[in-house]
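Nothing in this text is a laboratory measurement; each read-out follows from the coordinates by a stated rule. In this text the structure is predicted, and so the values were computed from the model without any measurement. Ideal geometry is used to build each Cβ from the backbone, glycine not excepted, and the neighbour counts take in all protein chains shown.
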Amino acid sequence: MKVAIATVQVPFLSGGAELHAASLRRELTLRGIEADIVPIPFKWYPPSRLLDMMLMARLVDLSEVNGRKIDRVITLKFPAYYLEHECKIGWILHQHRQAYDLFETQFGDLHHDAEGRAVAAEPAVRRRLHGRGGLDPRRRHPAERAGRLPDPAHPA
């Protein structure tokens, strides 16, 4: 079985999510599963870049590599969970919180200028950011169950 661990990474920065991805790859490999980490470079500014990042993730084709099928994809961070695959599982380690619960707080960045406000207000962007990028709604993340992630079926 081939498993791709899809994530995003800000170049030259690493932290807990990168350690989590490496640990997941190690554990899958120990169980006889061929696994690899597929990072997408991530830049969230200027705000219009978020649209580009979501599109970039959707354009990633992990259906096969070198003519061999990739059986499963595990996505870890926004916007990696927007890539498409017939067997995709999303572990939401990082969502882009600036678009919803941190919007207009001291920790957010999208509300500081007109461009950021326009990106955050765009209905398609809100739907994408608040949704789960095509993840199976029957698979509920603990943060979602705790009410920290919006339910796309019942938008605020």
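If we count other beta carbons within 10 Å of each Cβ, what is the order of Tyr45, Tyr81, fewest first? Write out the running numbers ahead of the final one.
Values: Tyr45 11, Tyr81 27.
Ordered from fewest to most neighbouring Cβ atoms within 10 Å, Tyr45, Tyr81 come out as Tyr45, Tyr81.
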Let's test the formula: R0 of 25 Å, r as the Cβ-Cβ distance of Glu86 and His111. What FRET efficiency results, to the nearest 0.05? 0.10
What spacing in nm lies between the two simple spin-label points modelled at Phe12 and Val65, each 7 Å away from Cα in the Cβ direction? 2.6
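Return Tyr82, Tyr100 ranked ascending by Cβ neighbour count within 10 Å, so the fewest neighbours appear first. Provide the component values of the computation, followed by the final result.
Values: Tyr82 26, Tyr100 18.
If I rank by nearby Cβ atoms, fewest first, I get Tyr100, Tyr82.
Counting other C-beta atoms within 10 Å, which of Phe12, Phe42 has the fewest, and how do the rest follow? Walk me through the numbers on the way to the answer.
Working: Phe12 5, Phe42 22.
If I rank by nearby Cβ atoms, fewest first, I get Phe12, Phe42.
Suppose we keep just the DSSP beta bridges with both residues in the range 4-126; what percent of those would be antiparallel, to 5? Mind dumping the intermediate values first?
On the way: 2 of 15 bridges.
Within the range 4-126, antiparallel bridges account for around 15 percent of the total.
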In a Debye calculation with equal point scatterers on the alpha-carbon sites of the range 7-88 and no solvent, what is log10 I(q)/I(0) at q = 0.11, 0.14, 0.26 Å⁻¹? -0.32, -0.51, -1.34
